[in-house]
1. Please note which helices (runs of 4 or more DSSP H) are completely contained in region 5-115 and include at least 3 residues that are modelled with pLDDT of 85 or more.
2. For region 46-63, give me each residue that is over 12 Å from residue 9 (Cβ atoms) and surrounded by fewer than 16 Cβ atoms within 10 Å (Cβ to Cβ).
3. Looking only at region 113-136, count every residue that is surrounded by 16 or more Cβ atoms within 10 Å (Cβ to Cβ) and under 16 Å from residue 70 (Cβ atoms) and tell me the total.
4. For residues that are more than 18 Å from residue 103 (Cβ to Cβ) and at pLDDT 90 or above, tally how many sit in region 135-159.
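The values are calculated or read from the model by the stated rules, or taken from the named source; none is laboratory data. Since we're looking at a predicted model, the values are computed, not measured. Positions of Cβ are backbone-derived with ideal geometry, glycine not excepted, and every protein chain shown enters the neighbour counts.
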């Protein structure tokens, strides 16, 4: 990848990577640091990256950088113990309820659902980014969507 192609990647994918990381860790400053570290790593390896694979490489690098930083800072949660809060209050803002529900998901489920539904990646691409096989990605997405459905409940009650 050339310097010009690198700059195009920064312009095209920078905001998407930032949003993905921000939704995962909910700290704007922390997300900015991770995105900066990601693009630094991409620049160091720009000679070995093809422009056609740059998007996937950038998201993979961002994901792994985020995981490394979480582990380093010992903010890793227990994925087996998922709180299943119920939604009994009435809200008129479904968007707010959905974001609240996404924050209750285990990190891996949150990451795959964000990559699939917010960023539009295929199951195969998500598997490459997260080092999961395609069937694991499908299972995590299914479980996340099931949790979200149960959390949100009946749409007529919310609206």
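1. 28-44, 54-72, 107-113
2. Listed by number, the residues that qualify are 47, 48.
3. 3
4. Taking region 135-159 and keeping what is more than 18 Å from residue 103 (Cβ to Cβ), we get 135-139, 142, 154-157, 159.
Narrowing further to those that are at pLDDT 90 or above: 135-139, 142.
Qualifying residue count, region 135-159: 6.
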